Amino acid sequence: MTQGERRGPGRRTMIGAAVLGSAALTATAAAGTAQARTGGHGSGSRLPVPAVIAHRGASGHRPEHTLGSYQLALDMGADVIEQDLVPTRDGHLVCRHENDITGTTDIADRSEFASRRTTKTVDGVKLTGWFTEDLTLAELKTLRAKERIPAVRQENTLYDGRWTVPTFAEVLRWADREGRRRGRPVWLHAETKHPTYFRKLGLGLEEPLAALLRRHGRHRATAPMFLQSFEPTSIQRLARLVSTPGVVLLSDAKSRPWDFTESGDPRTVADLITPAGLKEIARYAQGIGPTLDLVIPRTADGRLGRPTTLVRDAHARGLVLHPYTLRNENSFLPADFRRGTDPNAYGDAFGAYRAYFATGIDGIFTDQPDTGLLAAADHRDARD
Ligand code: G3P
Ligand code: CA
């Protein structure tokens with residue numbers, strides 16, 4: 001039994017109280033108090049339910065994972081700001097969705113890095129491009145961030161080149177500063193990307209992450225902070241290092257976490273979302289981050305089907321749910337909420353939020369936190 005597992009039941013009790021808090025909230029809210037619970041979302045600071053988690057910042061409005069994207073999300077009122085973390089060659093954690101930075105920086109246009117272009121296999125996928133683990137932080141800091149999907153979000157290209165790639169240390173300092181200025185903590189939701197891959201390169205993510213969290217007082221169970229990973233062993237490792245609430249991310253049901261593939265564990269996400277699978281997750285984590293399709297599957301024609309029992313089953317194990325990712329553009333919405341024929345135009349995102357919030361989820365990742373916040377307020381008003 002690991003240290004994290006030994007600590008599990010106590011933490012489970014806390015999160016169990018949190019989920020009970022959700023029910024209690026409904027009653028309290030019915031009595032006219034619209035504010036939400038604390039508990040599993042971290043006692044001592046108030047986090048609404050459903051919480052709006054700014055996915056890579058306000059990435060629907062600014063190039064993702066930049067201080068500009070994080071700042072806009074916070075200014076919009078997002079409840080939590082997300083970071084994805086990968087390392088540099090010299091072991092600094094930086095905020096990128098993947099270690100291949102070909103599409104989100106200007107590195108392809110920088111002749112001094114031309115020789116660094118290479119092909120490698122990351123989690124079983126062959127990729128050609130430029131990778132964070134091949135650059136020192138000093139080198140990476142000479143790059144400028146740019147919009148990932150310019151064909152979809154042309155307006156965001158206005159900001160190409162405006163910001164550098166932030167380190168997680170910079171983000172923590174920014175959050176501390178903004179927290180002092182606002183008189184309330186800034187909530188973060190940090191994900192370890194490809195942790196098994198990086199550990200094999202001698203670039204383990206969890207130890208430097210834990211050290212940074214300690215330095216900024218975000219290592220406690222009550223910290224305004226979540227830690228997330230698609231690899232359960234990364235959350236287990238983090239649980240041995242810090243008490244910060246952990247969230248196990250879950251991709252589609254047939255997928256297999258990469259750490260399971262590496263260790264020969266045959267289980268898939270379908271196994272993890274059974275009551276037995278959730279019970280095991282609850283030994284070391286405080287929540288799950290399922291893809292939205294695990295909460296409400298889509299039918300063959302892309303419309304929303306009937307909700308699964310995942311919300312009920314996870315709550316029964318004291319786990320909060322932070323599904324991902326709701327985006328306003330037609331191309332990302334379920335078919336029933338698309339409007340018109342332009343895939344890049346906004347559809348009826350509010351209709352989609354209503355459907356997902358009705359399932360009882362505790363939070364949601366979104367690229368457009370401004371829309372999510374209005375939808376969450378609508379949901380609370382309707383509930384109250
Ligand atoms: O971390 C929640 C969500 O961000 C997972 O998807 O691929 O955008 O990191 P991804
Ligand atoms: Ca993420």
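The residues in region 270-313 that are in a loop (DSSP other than H, G, I, E, B), of a type in the set (A, V, I, L, M, F, W, C) and in contact (Cβ under 8 Å) with a residue 40 or more places away in the chain can be counted, and the count is 4. Look at region 159-170: where a residue is more than 24 Å from E207 (Cα to Cα) and touching a residue at least 60 places away in the same chain (Cβ under 8 Å) and a partner is buried (at least 19 other Cβ atoms within 10 Å of the Cβ) and hydroxyl-bearing (S, T, Y), sitting 6+ places away or on another chain with Cβ atoms under 6 Å, you get W163/T66. In the condition set (1) more than 16 Å from ligand 2 (Cβ to nearest atom); (2) modelled with pLDDT of 95 or more; (3) within 26 Å of R181 (Cβ to Cβ), R56 is compliant with all but (1). Against the criterion of being more than 18 Å from R144 (Cα to Cα) and more than 15 Å from ligand 1 (Cβ to nearest atom), D79 does not qualify. Within region 314-352, the set of residues being farther than 23 Å from R153 by Cβ, in a helix (DSSP H, G or I) and within 21 Å of the chain's Cα centre (by Cα) comprises A314, H315. Of the strands (runs of 3 or more DSSP E) lying entirely inside region 137-250, the ones with 1 or more residues being β-branched (V, I, T) are found at 187-192, 246-250. Among the residues of region 229-251, are any surrounded by fewer than 21 Cβ atoms within 10 Å (Cβ to Cβ) and within 16 Å of ligand 1 (Cβ to nearest atom)? Yes: region 229-251 contains one or more residues that are surrounded by fewer than 21 Cβ atoms within 10 Å (Cβ to Cβ) and within 16 Å of ligand 1 (Cβ to nearest atom). Listed by first and then second residue, the pairs with beta-carbon distance under 7 Å, at least 6 apart or on different chains, first residue in region 353-369 and within 23 Å of Q71 (Cα to Cα), second within 13 Å of ligand 2 (Cβ to nearest atom) and of a type in the set (D, E), are F365/E82.
Restricting region 176-195 to residues that are farther than 13 Å from L227 by Cβ and buried (at least 22 other Cβ atoms within 10 Å of the Cβ), the residue that is nearest to ligand 2 (Cβ to nearest atom) is H194.
The values are calculated or read from the model by the stated rules, or taken from the named source; none is laboratory data. Treat the numbers as computed from the prediction; the structure is a model and nothing was measured. Here the Cβ is made from the backbone with ideal geometry for all residues, glycine too, and neighbour counts use every protein chain on show.
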